[in-house]
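The next block holds one structure in the form of structure tokens; read it before the comments.
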Amino acid sequence: MRPAAALTLLCAALLSATAAADPWFAAGQASLKSALARQANTKKAKNIIFFLGDGMSLATVNAARVLEGQRAGGTGEENRLFFETFPYTGLIKTYNTDAMVPDSAGTMSALMTGVKTKAGVLSLDDGARIGHCDGPEAHKVATFLERAEQAGKATGIISTARLTHATPGATYAHSADRDWEADDTLPEAAKAKGCTDIARQFVEFSLGDGIELAFGGGRGKFLPEAVNDPENPKKSGERKDGRNLIAEWRAKHPAGRYVMDAKGFAALKAGDKPVLGLFDPSHMDYEADRAEDKAGEPSLSEMTAKAIALLQGDKDGFFLMVEGGRIDHAHHAGNARRALEETIEFAKAVQAARAATSAEDTLIVVTADHGHTLGFGGAYPRRGNPVLGLVEEGRGKAKPVTDLNGLPIAVLNYTNGPGVGELDGEPHTGGRVDLGKRDTAALNHRQEALIPLKSETHSAEDVPVYADGPWAQLFTGSLEQNVLFHLMLHAAGMRP
């Protein structure tokens, strides 16, 4: 045998022995094999499902991954949320045209229209001025949902926030101010120029055959002040114009189905279209609190599965936007546990979508609009350290790690926000407290914050994108946020 051949055989034998002895090496080889076998799908995407984790930063994904893994009995770090198994990933730059640290209106508008714009405006170009109505058609940019309707596709919107909130609103509405959710916040000057509120734009949407499905919160934006909420009689509608937009929607769609509770949701069946579900006067409950809702609310994964079942019969396909809106709200409250539990449920919704569709004809895109200041505090926690707990040193016997003043350190904290304490308490403005006397994993615990603020803020960091299905291979690299619109447009074979 020639020396070179012998050396090759020896290397192969050593490689095989290493793989058998070291599971990490074997896993690395398996990942390589999987990547080499991957084939790009260049078929036309009949259906597109766009998932938006509001405020789902990279640190949020990381921490939620660990929490889910630890609850399943593992150390957590090796776990992957369902969407992390997708074959293609990238990073998205999130800035607005006038802001380094963005807001949800400008970011979702970029994702839905293909152009970046200012913070605070919905699906208008950069010529728009926040809070200034230049006319109902001024600066208007068509959204992906509107283009899908014009292409004959069925369309749907799901959010755990109000249906009129920034993310869902940017799919169907055009507004110079994200806060113009109902007419009570719409200035008289804007009304005089013909601009309308976001709830009204939803009900009056007329492109194609209209929006086939919408699930979310926000009944108060559709009801007049004189009408009490059917689930919470102490709350009344917010509209000052006296219009009952829910009644108007039902009159406009006599064959449609309006639901507001778990019973009505469960009764929805194939063929029910259009469908409007408004499950709360404002935002829907956090996943951790959902069981306490009086009338009952469906989970994000349940709404996603139901929506696909109702939409997928359309011969031209469908476009569905699904927002995990309350990840963001929990972060603003400095409440990491709820934010992570919302993220875990968000991942379950993605899994439900993939289970109900085929990667052959359905593109699923998962991303975030912006990040938050949640971070791993460092101090070298051991492998498997409870992610909602205090840092324990990993060398030798696990023991608590303290700062220079002898105070314990939490694994997770925020750069800014209301600070350590109970969720509904006043912001903590003093120095560090003894976290050893607190239950840092409690549902209402607020993580420690370096800079005291009433509400924790967004961050400027890039956010991830994950894709699976036709043309998913385009969703890689470092991308401007507005580019995702163009990639989805191409995947669907829709004209720019």
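Only residues that are of a type in the set (S, T, N, Q) and in contact with a strand residue (DSSP E or B) (Cβ under 9 Å, 6 or more places away or on another chain): list them for segment 97-128, please. Full working, then the answer.
Filtering segment 97-128 for residues of a type in the set (S, T, N, Q) gives 97, 104, 107, 109, 113, 117, 123.
Within segment 97-128, S104, T107, S109, T113, T117, S123 meet the criteria.
Are any of the residues in segment 428-446 touching a Pro at 6+ places or on another chain (Cβ under 9 Å), within 30 Å of T113 (Cβ to Cβ) and crowded, with 22+ Cβ neighbours inside 10 Å?
No: segment 428-446 contains no residue that is touching a Pro at 6+ places or on another chain (Cβ under 9 Å), within 30 Å of T113 (Cβ to Cβ) and crowded, with 22+ Cβ neighbours inside 10 Å.
Across segment 165-187, what is the number of residues that are out of contact with any Leu (no Cβ under 8 Å at 6 or more places or on another chain) and hydrophobic (A, V, I, L, M, F, W, C)?
2
When residues of segment 395-425 are filtered for being outside any strand (DSSP E or B) and within 17 Å of L443 (Cα to Cα), how many remain? First the steps, then the outcome.
Taking segment 395-425 as the starting set, the residues that turn out to be outside any strand (DSSP E or B) are 395-398, 401, 403-407, 409, 411, 418-420, 423-425.
In the following step, the residues that additionally are within 17 Å of L443 (Cα to Cα) were identified as 411, 418-420, 423-425.
Qualifying residue count, segment 395-425: 7.
Got at least one residue in segment 164-182 being touching a His at 6+ places or on another chain (Cβ under 8 Å), in a loop (DSSP other than H, G, I, E, B) and over 20 Å from M321 (Cβ atoms)?
Looking through segment 164-182, at least one residue is touching a His at 6+ places or on another chain (Cβ under 8 Å), in a loop (DSSP other than H, G, I, E, B) and over 20 Å from M321 (Cβ atoms).
When you scan segment 334-357, do you find a residue that is among the hydroxyl-bearing types (S, T, Y), closer than 17 Å to D54 by Cα and not in a helix (DSSP H, G or I), even just one? Let's see the steps before the verdict.
From segment 334-357, those among the hydroxyl-bearing types (S, T, Y) are 343, 357; that's our starting set.
Among the residues that remain, those that are also closer than 17 Å to D54 by Cα are: 343.
Checking which are not in a helix (DSSP H, G or I) leaves us with none.
No, segment 334-357 contains no residue that is among the hydroxyl-bearing types (S, T, Y), closer than 17 Å to D54 by Cα and not in a helix (DSSP H, G or I).
I'd like the full set of residues that are surrounded by fewer than 22 Cβ atoms within 10 Å (Cβ to Cβ) and closer than 16 Å to N232 by Cα, limited to segment 275-290.
S282, H283, D285, R290
Can you find a residue in segment 281-299 that is closer than 25 Å to L363 by Cβ and either of a type in the set (S, T, N, Q) or part of a loop (DSSP other than H, G, I, E, B) (or both)? Give the derivation first.
Initial filter on segment 281-299 (closer than 25 Å to L363 by Cβ): 298-299.
Checking which are either of a type in the set (S, T, N, Q) or part of a loop (DSSP other than H, G, I, E, B) (or both) leaves us with 298-299.
Checking segment 281-299: at least one residue is closer than 25 Å to L363 by Cβ and either of a type in the set (S, T, N, Q) or part of a loop (DSSP other than H, G, I, E, B) (or both).
Could you identify the single residue in V350, V411 that is crowded, with 16+ Cβ neighbours inside 10 Å and within 30 Å of S109 (Cα to Cα)? First the steps, then the outcome.
Details: V411 fails: within 30 Å of S109 (Cα to Cα).
Every option except V350 fails the conditions.
Residues of segment 212-251 being within 22 Å of E302 (Cβ to Cβ), part of a strand (DSSP E or B) and not aliphatic (A, V, I, L, M), which ones?
Scanning segment 212-251 gives F215, G216, G217.
For every residue, the table says whether it meets (1) assigned by TED's automatic domain parsing to the domain that holds E297; (2) farther than 24 Å from E302 by Cα; (3) buried (at least 23 other Cβ atoms within 10 Å of the Cβ); (4) not basic (K, R).
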{"residue": "L67", "(1), (2), (3), (4)": "yes, no, yes, yes"}
{"residue": "L111", "(1), (2), (3), (4)": "yes, yes, yes, yes"}
{"residue": "V115", "(1), (2), (3), (4)": "yes, yes, no, yes"}
{"residue": "G120", "(1), (2), (3), (4)": "yes, yes, yes, yes"}
{"residue": "E137", "(1), (2), (3), (4)": "yes, yes, no, yes"}
{"residue": "T160", "(1), (2), (3), (4)": "yes, no, yes, yes"}
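Filter segment 220-245 for residues that are hydrophobic (A, V, I, L, M, F, W, C) and more than 26 Å from the chain's Cα centre (by Cα); which is farthest from A305 (Cα to Cα)? Full working, then the answer.
Filtering segment 220-245 down to residues hydrophobic (A, V, I, L, M, F, W, C) leaves 222-223, 226-227, 245.
From the residues that got through so far, the ones that are more than 26 Å from the chain's Cα centre (by Cα) too are 223, 226-227, 245.
On the way: L223: 28, A226: 35, V227: 32, L245: 27 Å.
So the residue we want is A226.
Taking A151, is it buried (at least 19 other Cβ atoms within 10 Å of the Cβ), over 20 Å from G325 (Cβ atoms), over 21 Å from the mean Cα position of the chain (by Cα) and at pLDDT 95 or above?
Details: buried (at least 19 other Cβ atoms within 10 Å of the Cβ): no; over 20 Å from G325 (Cβ atoms): yes; over 21 Å from the mean Cα position of the chain (by Cα): yes; at pLDDT 95 or above: yes.
When the stated conditions are applied, A151 does not pass them.
The values are calculated or read from the model by the stated rules, or taken from the named source; none is laboratory data. All values derive from a computational prediction rather than experimental measurement. All Cβ positions, glycine included, derive from the backbone under ideal geometry; neighbour counts span all protein chains shown.
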